[in-house]
Amino acid sequence: MTIRTKALLAAAAVLCLGAAACTEAEQEKTEANAEAAADRTGEVAAQAGEVIESGAMKAARAVETGAGNVADELEENQAKAAAQGKPGAVDPATNQRVPAEN
């Protein structure tokens with residue numbers, strides 16, 4: 001069960017207690033408790049959102065770093081292949097393709 005679901009169930013339970021309250025004072029107290037539970041639910045949801053966002057940020061940075069490493073390796077491989085005159089290779093320094101042999 002998620003945090004949000006638990007908080008919503010707690011708020012619903014407080015509201016149910018309010019419906020069963022007999023006196024005006026009990027009803028007011030129950031209403032105050034329900035409002036506090038709703039406020040806490042919002043706080044918990046905001047915290048969960050921050051945790052999710054920070055995790056997504058870290059994942060995006062890891063992907064970016066990995067893609068950069070792959071691009072560097074591919075560029076190095078193309079530079080070597082172009083220097084060896086392999087047809088189809090592109091020299092990254094000049095962006096010139098080694099022509100195919102006919």
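What follows is calculated from the coordinates using simple rules that are stated; it is not laboratory data. Values in this document were obtained by computation on a predicted structure and should not be read as measured data. Counting neighbours? That spans all protein chains shown, and the Cβs are built from the backbone with ideal geometry, glycine included.
Were the residues from A46 through E73 laid out at 0.36 nm apart, the gain over their Cα-Cα distance would be 5.7 nm.
Across region 66-71, rounded Karplus estimates of 3J(HN,Hα) from the backbone phi angles (6.51 cos²θ - 1.76 cosθ + 1.60, θ = phi - 60°) give x, 5, x, 5, 5, 4 Hz, Gly and Pro being marked x. Across region 35-44, coupling constants 3J(HN,Hα) worked out from phi with the 6.51/-1.76/1.60 Karplus curve, θ = phi - 60°, read 5, 5, 5, 5, 4, 5, 4, x, 5, 5 Hz, and Gly and Pro carry x.
Taking 7 Å steps out from each Cα toward its Cβ at Q27 and E101 produces label points 9.4 nm apart.
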